[in-house]
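Following: one structure in structure tokens, then a few remarks.
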Amino acid sequence: MNAARHSYYEATARQRLAALLDAGSLHEFLGPAARVTSPHLPVLGLPVAFDDGVIVGRGRLEGQPVLAAAQEGGFLGGAVGEVHGAKITGLLERALEEKPQGVLLLLESGGVRLHEANAGLIAVSEILRALLALRAAGIPVVALIGGAYGCFGGMGIVACCCDAIVMSENGRLGLSGPEVIETVAGVEEFDSRDRALVWRTVGGKHRYLLGEAQRLVADDLAEFRAAARELLRAVRPLDLATLEAEQACLAERIARYGDCADAQDVWARLGVQQPERLPLLDEEEFLQTVAPAMVRNKP
Amino acid sequence: MRQWDTLAANRRARLARGQAMSSGKIVDPAMITALLEAVIEPGDRVCLEGDNQKQADFLARSLTRVDVTRVHDLHMVQSVLAMPEHLELFERGIARRLDFSFSGPQGARLARLVRAGGIEIGAIHTYLELFSRYFIDLTPRVSLIVASSADRAGNLYTGPNTEDTPAIVEATAFKNGIVIAQVNTLAESLPRVDIPGDWVDYVVVSPTPHIIEPLFTRDPAQISEIQVLMAMLVIRGIYAEYGVNRLNHGIGFDTAAIELLLPTYGERLGLKGKICRYWAMNPHPTIIPAIESGFVESIYSFGSELGMEAYTAARSDIFFTGPDGSLRSNRAFCQAAGHYACDLFIGSTLQVDLEGNSSTATLDRITGFGGAPNMGADARGRRHASGAWLKAGHEDAGASRMPRGRKLVVQMVETFRERMQPAFVERLDAWHLMEETGMALPPVMIYGDDVTHIVTEEGIANLLLCHDAEERAEAIRGVAGYTPVGLARNSRAVENLRDRGVIRRPEDLGIDVREAGRDLLAARTMKDLVHWSGGLYNPPRRFRNW
Amino acid sequence: MEHLEFDFPGRPMPVPARAQVIVGVVSSGNLEVLMEKVSLNGSCHVNVDTVITGFGRIWQAVLSDFFARHALSDVRISINDVGATPAVVGLRLVQALEDLQRGVS
């Protein structure tokens, strides 16, 4: 049943990057042998990773030059520390010089690495600044989200500032993590142990239906690659018109769905048939089922 | 002149006292504690149905509320201590003595209670032993049981989770005891009759459906590469080697990995139809791919598994189902089947010593045995032959001049557990537990002289081929890896054992450790299992992210 | 954290396809193994940084067995470990060696 599929979810960041780029085309910057590790973690008695949990480099995607970063969720939940963040920022600044076909960001992160406190916060804000500079220069940046740790916090914001997002149903995209929401708002408002609720709310399918993820793919490295290739052609200019359209879109979203208590209510209001079935469907059936509603509701 | 029908007369007296609290057999939930006070007498032997999966939770709670001046010093006999209320009975003086089999969730609290002198333990049994004693010297006077539904005549439908109920009721009802059942619903007619109404005295509808735990569900996402490697070793080095067609799988990620490797690794080795056709096991969701792939002919179960109801009903060629279509299980029969009609038992454990004795005892818990020892033992009463049984018997270097078969009893364990605790030790913690709690014997789960094979990530030790205790110890050291026990090996002796095939490493079986990855699993997530089942498997909420 | 260092005599090995490889992830129960071809006069060197202290003897034994089974020379192995069992350590070493010799597919 799983025969030909190679899972994006199960792969390490390194394996994902190798599969997404043309074979052997990756030239890594500041690879593990350089041993540019976190100066903060040893002070706390914590282990380091030789690449500080992120791989950055240059490669090719179907012959086209791209720059790419891949976060390793297994290391501290993919959280962004000083070195980790600087590598991503450096990659984005480099893209401004090299002007590749585009940039791929394989995101898997809880956000700021709290262990590194202000250094982590600054790192994320520098990523955002470099990303927006890249967008202003018209170089497409595509985010890919499909790992176990999801994409939250500051990196959630980063994802939404990209030209496009590809997600699988396993992937999660949000700002505050589910546990944080429960702590702040109470378990009646959001039970973080109710995994079905969490995935309904921040998972790939819902993000796709809301239009925040432009593609929903199967948990398959080849499908992520194909979607990335396709979306590198879909640059969204970062100009006033685009921003105003986005603002209008968000205002309409609140107007239409603001009183919905649950994602399933949103799907019903979108006009999806049998919304309660959506979570169980595989992505092919899911896309077929929601296609009419997506066409009707295109912003 | 001796009276010979005192039990019957006493039963009539209890029923007379209970009459005011019931309408026919039906008891109003508000009256249940009063009924218990009426029909139970001080010092009674009481079975409170605590099975592996289902619990008579409403009756347990109600029993904790009785007036202790009227109901006290009870002798509790039950399979499993699962609920806090089970121990509250002792803390409150309602019960004094306990005979049981397993206490997993309450193990730590039980240990504390024993140390504080608040409870007398008769003995810790295996399930089949306890059921057997219900018919000899531990017959319940009153049994508080749990079923799915009842009709007004007291007929009970226990459904897929029949479990221990028939054994309990048979012993109680036919020795003039009192049987009280809690049910989820009262119905005009039942899907089928699992317990005839003649055997049941009282029925109460509990305010909430009875507790039932999905104990045998394992999320494939948690299976590690090392567990995949060990599963490959077992399939190649034991199942294929001996041609094991009839077997029992215990609970755990190790056995789940084996089940999920059959349609991939097992298929690749050409083993379909040659191994793993008949099973004594609960309906593990991880067996679904092997069933769908055509490996499995039949499965008999001890109990059911939450979420598997629709799947088992739709696979009646495989599972045992009633004319109503739903599963029927029976722990007593399945234990016997696992013991006598299976050629192999396999399970994992926490500690192994140099004789091969294994134990799950840890210092601050009294957990008991469950059913593993019943099946994890040579079936010396067995007489019918099978290929695997004869081959193992032939290998038995310590056998007497009279040739016999041997049951394959396999213990599967990684050399190190969490936090680098060695699984192989010179002296089991079980000895300490015995000393601390005054047990008669160290609580050993599987005895070394019953074990035929030990499997670790380092390979397989075939204890059948060992000539004496010294060889056996060296063979165990040879698969004990880098634990202190393993590091103390005599390297030359271990190499010699390897040459003889007593120890077989992965490469000796043609297994490349680099191939041992999660890619080899037929299903890697709960959702994969649901897809394999054609949408029939409905995992409990805690296992789903949809 | 504990830092351990080991030296092993080398044995001639075929020319590897890559100069350096890394396998594994620095997550609980796991480790990353960086294997590099460096000039060490033929011998081999291992650095281990591990969260679990007091198991130097086992690291020594695991590494000795690895070097006894596989011919390596002028190789430096650097490890960041978060409590992996010897089984996992052995697996990663073998994975790293294969990637070094054959190149990552």
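The values are calculated or read from the model by the stated rules, or taken from the named source; none is laboratory data. These numbers come from a predicted model, not from an experiment. Here Cβ is always computed from backbone atoms with ideal geometry, including for glycine, and neighbour counts include all displayed protein chains.
Numbers below:
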{"quantity": "Qualifying position, being at the interface with chain A (Cβ under 10 Å from one of its Cβ atoms) and either under 25 Å from B:VAL479 (Cα atoms) or in a helix (DSSP H, G or I) (or both), among C:GLY83, C:GLY54, C:GLY90", "calculated": "C:GLY83"}
{"quantity": "Residue, modelled with the lowest pLDDT, within segment A:285-299, restricted to residues that are under 21 Å from A:CYS249 (Cβ atoms) and surrounded by fewer than 13 Cβ atoms within 10 Å (Cβ to Cβ)", "calculated": "A:PRO299"}
{"quantity": "Qualifying position, being in a loop (DSSP other than H, G, I, E, B), small (Gly, Ala, Ser) and in contact with a strand residue (DSSP E or B) (Cβ under 9 Å, 6 or more places away or on another chain), among B:GLY398, B:GLY381, B:GLY370, B:GLY338", "calculated": "B:GLY370"}
{"quantity": "Matching residues, segment C:57-80, being aliphatic (A, V, I, L, M), part of a loop (DSSP other than H, G, I, E, B) and surrounded by fewer than 18 Cβ atoms within 10 Å (Cβ to Cβ)", "calculated": "C:ALA71"}
{"quantity": "Some residue of segment A:197-215 being touching a residue at least 40 places away in the same chain (Cβ under 8 Å), buried (at least 19 other Cβ atoms within 10 Å of the Cβ), within 14 Å of chain B (Cβ to nearest Cβ) and of a type in the set (Phe, Trp, Tyr)", "calculated": "yes"}
{"quantity": "Flag for B:ALA473 being over 29 Å from the mean Cα position of the chain (by Cα) and either within 12 Å of chain C (Cβ to nearest Cβ) or in contact (Cβ under 8 Å) with a residue 40 or more places away in the chain (or both)", "calculated": "no"}
{"quantity": "From the options B:ILE258, B:ILE288, B:ILE251, residue that is in contact with a Ser or Thr (Cβ under 6 Å, 6 or more places away or on another chain) and either outside any strand (DSSP E or B) or touching a residue at least 60 places away in the same chain (Cβ under 8 Å) (or both)", "calculated": "B:ILE288"}
{"quantity": "Residue check for A:HIS115: part of a helix (DSSP H, G or I), closer than 25 Å to C:LEU31 by Cα, within 14 Å of chain C (Cβ to nearest Cβ) and touching a strand residue (DSSP E or B) at 6+ places or on another chain (Cβ under 7 Å)", "calculated": "no"}
{"quantity": "Strands (runs of 3 or more DSSP E) wholly inside segment B:74-155 that include at least 3 residues being within 19 Å of B:HIS210 (Cβ to Cβ)", "calculated": "B:74-80, B:142-150"}
{"quantity": "Residues (without any contact (Cβ under 8 Å) to a residue 60 or more places away in the chain and more than 10 Å from chain A (Cβ to nearest Cβ)) located in segment C:9-28", "calculated": "C:PRO9, C:VAL15"}
{"quantity": "Within segment B:427-493, helices (runs of 4 or more DSSP H) holding 1 or more residues that are in contact with a Cys (Cβ under 7 Å, 6 or more places away or on another chain)", "calculated": "B:469-479"}
{"quantity": "Positions within segment B:177-191 being surrounded by 15 or more Cβ atoms within 10 Å (Cβ to Cβ) and not in a loop (DSSP other than H, G, I, E, B), in sequence order", "calculated": "B:ILE178, B:VAL179, B:ILE180, B:ALA181, B:GLN182, B:VAL183, B:ASN184"}
{"quantity": "Number of the condition not met by A:PHE75 [criteria: (1) touching a Leu at 6+ places or on another chain (Cβ under 9 Å); (2) of a type outside the set (Ser, Thr, Tyr); (3) facing another protein chain (nearest Cβ under 10 Å)]", "calculated": "(1)"}
{"quantity": "Cross-chain or 6+ apart pairs with Cβ under 6 Å, segment A:104-119 first and crowded, with 24+ Cβ neighbours inside 10 Å, then among the charged types (D, E, K, R)", "calculated": "A:LEU106/A:ARG16; A:GLU116/A:GLU82"}
{"quantity": "Sole residue being surrounded by fewer than 19 Cβ atoms within 10 Å (Cβ to Cβ) and more than 12 Å from chain C (Cβ to nearest Cβ), chosen from A:PRO100, A:PRO39", "calculated": "A:PRO39"}
{"quantity": "Only one of B:GLY370, B:GLY376 that is assigned by TED's automatic domain parsing to the domain that holds B:ALA461 and either farther than 23 Å from B:GLN55 by Cβ or touching a Lys or Arg at 6+ places or on another chain (Cβ under 8 Å) (or both)", "calculated": "B:GLY376"}
{"quantity": "Residue within segment A:177-194 that is within 21 Å of A:LEU128 (Cβ to Cβ) and surrounded by fewer than 23 Cβ atoms within 10 Å (Cβ to Cβ) present", "calculated": "yes"}
{"quantity": "Residue within segment B:89-96 that is modelled with pLDDT under 95 and surrounded by fewer than 17 Cβ atoms within 10 Å (Cβ to Cβ) present", "calculated": "no"}
{"quantity": "Complete set of residues in segment A:150-196 that are in contact (Cβ under 8 Å) with a residue 24 or more places away in the chain, charged (D, E, K, R) and in a loop (DSSP other than H, G, I, E, B)", "calculated": "A:ASP163, A:GLU169"}
{"quantity": "Filtered residues of segment B:156-176 (kept if assigned to a helix (DSSP H, G or I) and surrounded by 19 or more Cβ atoms within 10 Å (Cβ to Cβ))", "calculated": "B:GLY159, B:PRO160, B:ASN161, B:THR165, B:PRO166, B:ALA167, B:ILE168, B:VAL169, B:ALA171, B:THR172, B:ALA173"}
{"quantity": "Residues satisfying the stated conditions in segment A:42-69, i.e. closer than 17 Å to C:LEU34 by Cβ, in contact (Cβ under 8 Å) with a residue 12 or more places away in the chain and within 13 Å of chain C (Cβ to nearest Cβ)", "calculated": "A:ALA49, A:PHE50, A:ASP51, A:ASP52, A:GLY53, A:VAL54, A:ILE55"}
{"quantity": "Qualifying residue in segment B:52-59 (condition: under 27 Å from B:PRO209 (Cα atoms), modelled with pLDDT under 95 and surrounded by 16 or more Cβ atoms within 10 Å (Cβ to Cβ))", "calculated": "yes"}
{"quantity": "Residues that are within 23 Å of the chain's Cα centre (by Cα) and away from every other protein chain (no Cβ under 14 Å), drawn from segment A:263-296", "calculated": "A:VAL266, A:LEU287, A:VAL290, A:ALA291, A:MET294"}
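To keep it simple, each residue is scored yes or no on (1) over 17 Å from B:ILE454 (Cβ atoms); (2) at pLDDT 95 or above; (3) of a type outside the set (Gly, Ala, Ser); (4) out of contact with any strand residue (DSSP E or B) (no Cβ under 8 Å at 6 or more places or on another chain).
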position: B:ILE212; (1), (2), (3), (4): yes, no, yes, no
position: B:SER224; (1), (2), (3), (4): yes, yes, no, yes
position: B:VAL228; (1), (2), (3), (4): yes, yes, yes, yes
position: B:LEU233; (1), (2), (3), (4): no, yes, yes, no
position: B:TYR242; (1), (2), (3), (4): no, yes, yes, no
position: B:GLY250; (1), (2), (3), (4): no, no, no, no
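Residue by residue, here is whether (1) assigned by TED's automatic domain parsing to the domain that holds B:ASP378; (2) not aliphatic (A, V, I, L, M) holds:
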| residue | (1), (2) |
| --- | --- |
| B:ASN155 | no, yes |
| B:THR162 | no, yes |
| B:ALA173 | no, no |
| B:VAL179 | no, no |
| B:THR185 | no, yes |
| B:SER224 | yes, yes |
| B:TYR242 | yes, yes |
| B:HIS249 | yes, yes |
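The rows are residues; the columns are (1) within 12 Å of chain C (Cβ to nearest Cβ); (2) in contact (Cβ under 8 Å) with a residue 60 or more places away in the chain; (3) of a type in the set (A, V, I, L, M, F, W, C).
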residue: B:VAL485; (1), (2), (3): no, yes, yes
residue: B:ALA493; (1), (2), (3): no, no, yes
residue: B:LEU509; (1), (2), (3): no, yes, yes
residue: B:VAL513; (1), (2), (3): yes, yes, yes
residue: B:ASP519; (1), (2), (3): no, no, no
residue: B:THR525; (1), (2), (3): no, yes, no
